[in-house]
1. State the number of residues belonging to the stretch 166-176 that are of a type outside the set (K, R) and touching a residue at least 12 places away in the same chain (Cβ under 8 Å).
2. Does A57 fit the bill of being open to solvent by 60 Å² or more (accessible area, probe 1.4 Å), among the aliphatic types (A, V, I, L, M) and more than 30 Å from S292 (Cβ to Cβ)?
3. Could you list, in sequence order, all residues of the stretch 228-248 that are in contact with a strand residue (DSSP E or B) (Cβ under 7 Å, 6 or more places away or on another chain) and crowded, with 24+ Cβ neighbours inside 10 Å?
4. Give all pairs with beta carbons closer than 6 Å in which a residue from the stretch 137-155 that is in contact (Cβ under 8 Å) with a residue 24 or more places away in the chain meets a residue that is open to solvent by 80 Å² or more (accessible area, probe 1.4 Å); count only pairs at least 6 apart in sequence or on separate chains.
5. Write out, first by first residue and then by second, each pair whose Cβ atoms fall under 8 Å of each other, whose residues are 6+ apart or on separate chains, and whose first residue, in the stretch 178-196, is among the hydroxyl-bearing types (S, T, Y) while the second is part of a helix (DSSP H, G or I).
6. Please go through the stretch 130-177 and pick out each residue that is in contact with a Lys or Arg (Cβ under 6 Å, 6 or more places away or on another chain), within 27 Å of E45 (Cβ to Cβ) and of a type outside the set (F, W, Y).
7. Only one of L91, L76, L112, L29 is in contact (Cβ under 8 Å) with a residue 12 or more places away in the chain, closer than 28 Å to T301 by Cα and assigned to a helix (DSSP H, G or I); which?
8. Going through the stretch 266-290 one residue at a time, which ones are within 18 Å of the chain's Cα centre (by Cα) and assigned to a helix (DSSP H, G or I)?
Amino acid sequence: MRMHYTPYTLYPVGALSARAAAQPREGVLLRGDNGGYACLQSWPELGDSPLEYELDALREGSPLKLGARALKCIELDGEARAKGINLFEGLTVPRSHATLTVSATPAQVYNLHQRGFRVGKIKVVPKLAATVERLTNLASMVPDWKWRVDFNSTLSLEEALQFWDMLSDAMKARIDFVEDPCYYDVQVWQTLQDAGMPLGYDMPVQEASSNIPARTTKPMMRLVKPARHHSNSGLPVFTTYLDHPLGQCWAAYNAAKFYTGKPEAEVPLCGLVTHHVYRPNAFSEQLGMDISPEFKVPTGTGLGFDSLLAALPWKKL
């Protein structure tokens, strides 16, 4: 497939994880010769190949992980645009938790509570005393919230157990799950579960594989980022890749496609409303900056943004 691309830069309002500073994020939008579009944004600090490698592989016709998923997005988006339909027609996008940056403040959390959020997903750093104090302070602002805590695999087993032990029993009861406290090892994660820690996994295997080779005896929450992989089983939490609003819509479409028709009680809160972690741009403004747990579907064909995408300066890949 012949493709064109246009680069973009997103400007975070705060540090996005324990491994990612509050620095501009570079990515590209892709346009296929079928008229379909996709987003490609790499996170090398989380195990991805650099963006340049992904683009070189696309040029050579041997896409890497992110490129392969972008091609799937181009295929489906192009088909819908050719038919003049919106990909979200007839689908219901799952509601979202509140996505918080490392530097989220009590005022921001309270504001999100006022907008209807009742679960917070927070990125934290491996400074345990400060993290526990901050989490406790934020939680005190919203007593009815549950929390999803993401360490991005920055702890050792001993540190993870120490973090859990430092939480009060009342705070432990409000933890929905701890995501990737450390790199996955079946004995290590079994020990954490035996200590009472509810776990979620995204990319916990050190060689950047998303496959779990051996399972613990208790369930874990699976997190799925459609920019990296797809899911056809279980009841996963779909999240964006903290990428461009077009990529955000790709994640929302995959979540909606997966869960539409399933009983509402079985659908977990996902992480699809994330554009507010960056400064506004023309695309994010179409998703609405007055955010709520409900995902606002953009107008247009395919994944939307028709006029904005058409006006971009496209270059041959």
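The values are calculated or read from the model by the stated rules, or taken from the named source; none is laboratory data. Model, not experiment: these values are computed from the prediction. So basically every Cβ, Gly included, is an ideal-geometry build from the backbone, and we count neighbours across all protein chains shown. Surface areas here come from the heavy atoms of the whole protein model, side chains and all, with no ligands, DNA or RNA. Shrake-Rupley method; radii C 1.70, N 1.55, O 1.52, S 1.80 Å.
1. Step one: filter the stretch 166-176 for residues of a type outside the set (K, R), giving 166-171, 173, 175-176.
Still in the list and also touching a residue at least 12 places away in the same chain (Cβ under 8 Å): 166-168, 171, 175-176.
Of the residues in the stretch 166-176, 6 are of a type outside the set (K, R) and touching a residue at least 12 places away in the same chain (Cβ under 8 Å).
2. Numbers: open to solvent by 60 Å² or more (accessible area, probe 1.4 Å): no; among the aliphatic types (A, V, I, L, M): yes; more than 30 Å from S292 (Cβ to Cβ): yes.
So A57 fails the test.
3. V237, F238, T239, T240, D243, H244, L246, G247 - these are the residues of the stretch 228-248 that are in contact with a strand residue (DSSP E or B) (Cβ under 7 Å, 6 or more places away or on another chain) and crowded, with 24+ Cβ neighbours inside 10 Å.
4. M141/Y110; W145/R118; N152/R19
5. Final answer for the pair search is T191/L157; T191/L161.
6. Scanning the stretch 130-177 gives R148, D150, N152, D176.
7. On the way: L91 fails: assigned to a helix (DSSP H, G or I); L112 fails: closer than 28 Å to T301 by Cα; L29 fails: assigned to a helix (DSSP H, G or I).
Result of the check over L91, L76, L112, L29: L76.
8. H275, H276, V277, F283, S284, L287
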